[in-house]
Amino acid sequence: MLHLLSEGVSSVSIRTLLVFLLVFLLVADYMKRRKPKNFPPGPFPLPFLGNVLSMDFKDPLKGIEKLTKKYGDIFSSHVGSTSYVFINNLQMVKEVLVNNGENFLDRPQVPFETGFFSQRGLISSNGHIWKQQRRFALTTLRNFGLGKKSLEERIQEECRYLTEAIGEEQGHPFDPHFKINNAVSNIICSIMFGDRFEYHNERFQELLHLLDKLLVLHSHPLSQLYSSFPGVMKYIPGPHHTIPEIWKQLKTFLCDIIAKHKEDWQPTESRDFIDSYLQEIAKDDGSECFSEENLVACMLDLFFAGTETTSTTLRWALLYMAAYPEIQARVQTEIDATVGQTRQPGLDDQASLHYTNAVVHELQRCSNVVPLGAPRLTTHDTLLGGYLVPKGTVLMTNLTSVLMDKKEWETPDAFNPEHFLKDGQFCRREALVPFSLGKR
């Protein structure tokens, strides 16, 4: 009798404990994600999950558009324990990135990047380290040809190599993806490494394929879930587990190049970005702003961000020119009349190529290669659009809402170079923000 009574009490105690634990976790989760007064509106989050079940992984922009129509140009969303605020339209984006830019300069910590970059480089770092990396990168890139004839000559040279590579196809159908990637990467390589890679270089082709694979993996639904639920997703099998290994291979490739540079490095001579950075490491006063780890991170940032955005835009350019042969013909006619066929176009020709310039800008608008920009972390409580965005909130600027805004563009859903022409002359538009605004 006493034994049965003891078992009953034990069973009740376990059930009571589980109920208490569940209630405690629910209350703790509610307190953690409780919205402060005057927080931007948004859908009601489920305990522990937030709004993850309502996310459209196949077409996230469509889901954001629905929420914008329901809640307005500034709204909130919760995924896991992270609070997000989404910003739409040109004026709100300028308010965040320009007028209040200092309050949104930092980057949030992303689980994939935390273990690998650990707040190093140009993209993942914050505060003093980021400012030092940015200052050095801008100065060095400018010295090695940013906006100068030397960079123009490198681009013209690589265009010749690309034209030859395309000519080797002898008019047969082919995928231009990696030829374009190779050409764009070589411009960056010539500044960073002081050299370019042949289009048939097997190791470099492997590197380009790894970069391409990395982009696909980062956009995979499981990878997106890992960013919000790393503690759970690390136990779930899937392609997201291969991302760290790819970053490791890319790092090894760059470390080998740095090692070769160090073999014949002369402290008084700067051949490229690596040499200049090694000089900064030698001069570093113990602040640890400049180190080989930061050098590798900066090189990966420049290589990945610089290659992907430009090459993707160029592939969109090929597609749009094929889809609109009348626009392609008009561009060719203008180039032939202004430049001729005996030399390559140069920066000095840009002012005379009004229609071509308009087409290039419209390509950037329609290709929309960075639809949500890069996430920002709120560093101070800030009022936006009448709402309070507290410190620690992740901010997403919906650049698509600007590039496709019916209030800013006459025909936002059409490829129309006339958006950038006025009386036949090229005209810049403030609403063209293909990458972002402000310091970062």
Inset, instruction - Would you mind pulling out the separation of the Cα centroids of region 347-420 and region 190-257, in Å? - result: 27 Å
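Tell me, what is the percent relative contact order of the chain, built from C-alpha pairs under 8 Å that lie six or more residues apart? If you can, show how the numbers build up before the last one.
Details: 507 pairs, mean separation 92.5, N = 440.
Here the relative contact order equals 21 percent.
Go through 297-303, 312-318 and give me the packing order, highest mean Cβ count within 10 Å leading.
Values: 297-303: 22.7, 312-318: 17.1.
Packing proxy ranking, top to bottom: 297-303, 312-318.
By count of other Cβ within 10 Å, fewest leading, how are Arg134, Arg440, Arg15 ordered?
Arg15, Arg134, Arg440
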Inset, instruction - Go through region 45-53 residue by residue and turn each phi into a ³J(HN,Hα) via Karplus (6.51, -1.76, 1.60, θ = phi - 60°); whole Hz please, and just put x for glycine and proline. - result: x, 7, x, 6, 8, x, 9, 4, 6
Inset, instruction - Set the Förster radius R0 to 51 Å, insert the Cβ-Cβ distance between Thr16 and Leu222 as r into 1/(1 + (r/R0)^6), and round the FRET efficiency to 0.05. - result: 0.85
Legend entry - Shape call, region 111-310: gyration tensor on alpha carbons, a/c limit 1.5: oblate
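No lab work stands behind these numbers, since they all come straight from the coordinates. Note that the coordinates shown come from a computational prediction; the quantities given were computed from them, not determined experimentally. Positions of Cβ are backbone-derived with ideal geometry, glycine not excepted, and every protein chain shown enters the neighbour counts.
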